[in-house]
Amino acid sequence: MRITDDWLRDAGLQQVLGLLTEAGHQAYLVGGCVRNALLGQPVADIDIASDALPERVMALARAAGLRVVPTGIEHGTVTVVVAGEPHEVTTFRRDVETFGRHATVAFATRVEEDAARRDFTMNALYADAGGRIVDPLGGIGDLRARRVRFVGDAGDRIREDYLRILRFFRFHAWYGDPAAGMDADALAACAAHSAGTETLSRERIGHEMRRLLAAPDPAPALAAMQAAGVLVRILPGADGRALGPLVHLEPPYAPDWVRRLAALGGADATEALRLSRDEARQLATLRAGLGEGAGPAEIAYRHGAGVARDIVLLRAALAGQGLPDGWETAVARGAAARFPLQAADLMPGLSGAALGARLKVLEARWIASGFELSREQLLA
């Protein structure tokens with residue numbers, strides 16, 4: 001197998017690979033860029049692995065007239081800049097001893113050693129400058145089967161970093177075959193070590209949950225996550241049963257991870273997932289809308305068409321029902337409506353709290369009329 005994508009022929013990338021191999025070193029593309037290329041999916045980050053030590057990489061780059069930055073030199077990573085574009089090069093590594101996320105590592109000379117310390121077999125795939133695949137651990141078979149499998153013993157990999165539990169479910173949502181189910185050993189290890197997720201920072205958990213819920217259909221992965229006792233650890237009270245119906249109802253609207261988060265319910269996720277201010281506001285608005293009796297038109301008038309659409313979708317999913325007839329028309333009508341009165345219309349006869357109260361009464365009457373009452377009718 002080999003990669004033939006256009007990005008592989010980028011002149012800067014080839015220059016970095018070339019300066020390493022021409023000096024007698026191994027240089028491979030590794031991880032997500034190889035995996036996604038083989039799956040025919042978009043490639044974002046391109047990582048390079050080499051047996052060249054960081055100081056050697058820096059010396060070769062400078063000798064070629066390239067700028068180099070020691071971005072993570074203590075971990076073996078340097079960034080070579082070609083025509084303004086950064087290229088990360090990391091020296092092969094092997095674990096000597098692990099302490100959760102923190103591991104004592106040593107530089108290695110063999111790609112097999114580097115592969116052995118990665119999380120999943122589909123991430124332990126390498127490609128040379130010509131796109132030819134190097135597969136030290138049999139990851140191609142797992143990739144073809146869309147099977148997310150830990151490298152080596154699943155429990156060992158998880159104890160090295162408990163975030164790998166969440167990564168397992170996220171990777172299954174994006175790359176796994178839902179019809180084939182999950183790798184039994186991996187799922188059992190995630191369940192056995194689920195308490196370890198409580199040691200993770202909320203920022204790291206939130207980052208993974210954002211990416212998981214943004215998958216095309218995260219419902220099967222969330223269901224397995226809940227059954228394994230992982231979901232309750234990170235979002236107490238959350239329930240994924242409405243997520244599948246919501247995903248089914250969403251098209252033609254784009255997936256939205258906060259909308260999907262609202263479908264899970266449970267404890268306030270603002271702190272649990274370290275939501276941004278805008279994300280927290282969006283989630284609070286959706287949850288408040290679920291508990292109110294306002295119809296789609298009124299919600300759209302008060303909060304906009306997008307919020308109204310999301311609340312209609314969530315209500316239907318949580319109730320296990322289809323979408324109500326005419327809801328899109330109602331949302332469009334409400335979003336376009338403009339209250340015909342202003343405070344000045346009731347002055348000077350009213351002022352202060354009395355003025356505000358009267359405006360609310362008249363606005364409610366106008367909404368109840370289907371936004372039909374005119375200014376004159378309201379004033380009368």
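No value in this document is a laboratory result; all are computed from the given coordinates. None of these values were measured; they are calculated from a predicted model. A quick note on method: Cβ atoms are made from the backbone with ideal geometry, for glycine too, and the neighbour counts reach across all protein chains shown.
Here are some notes:
- Across all directions, the average projected area of the convex hull around the alpha carbons of the chain is 24.3 nm².
- Segment 103-189: translational diffusion in µm²/s, Stokes-Einstein, Kirkwood Rh over Cα pairs, 25 °C, 0.890 mPa s: 180
- In terms of packing, defined here as the mean over residues of other Cβ atoms within 10 angstrom, the peptides 123-130, 110-117 line up highest first as 123-130, 110-117.
- Here's how it looks for R93: its modeled amide H is under 5 Å from those of A108, D114, which are all 5 or more places away or on a different chain.
- Cα-based shape type of segment 237-337, given that a ≥ b ≥ c are square roots of the gyration tensor eigenvalues and the cut on a/c is 1.5: oblate
- A simple rule links phi to the HN-Hα coupling: the Karplus curve 6.51 cos²θ - 1.76 cosθ + 1.60 with θ = phi - 60°, which for segment 18-26 gives x, 5, 7, 5, 5, 8, x, 9, 7 Hz, with x for Gly and Pro.
- The chain, helix-only ellipticity at 222 nm - DSSP H runs n ≥ 4, -39,500 (n - 2.57), divided by all residues, nearest 500: -14000 deg cm²/dmol
- For G265, neighbours were defined as the other residues whose beta-carbon sits under 15 Å from its Cβ, and their charges (Lys and Arg +1, Asp and Glu -1) total +2.
- Counted by Cβ distance under 12 Å from I299, the other residues give a net charge of +1, where Lys and Arg count +1 and Asp and Glu count -1.
- Prolate/oblate/rounded label for segment 1-130 (Cα gyration tensor, a/c 1.5): oblate
- In segment 350-379, the GluC sites (Glu not before Pro) that fall in loop regions by DSSP, at most 13 other Cβ within 10 Å: E372
- Amide hydrogen proximity for V134: with H placed 1.01 Å from N in the peptide plane, the residues at 5 or more positions away or on another chain lying under 5 Å are Y126, A127, D128.
- Note that segment 218-227 has calculated 3J(HN,Hα) couplings of x, 4, x, 5, 5, 5, 5, 4, 5, 5 Hz, one per residue in order, obtained from phi through the Karplus relation 6.51 cos²θ - 1.76 cosθ + 1.60 (θ = phi - 60°); glycine and proline are x.
- Among residues other than I3 with Cβ under 13 Å from its Cβ, the summed charge is -1 (Lys and Arg +1, Asp and Glu -1).
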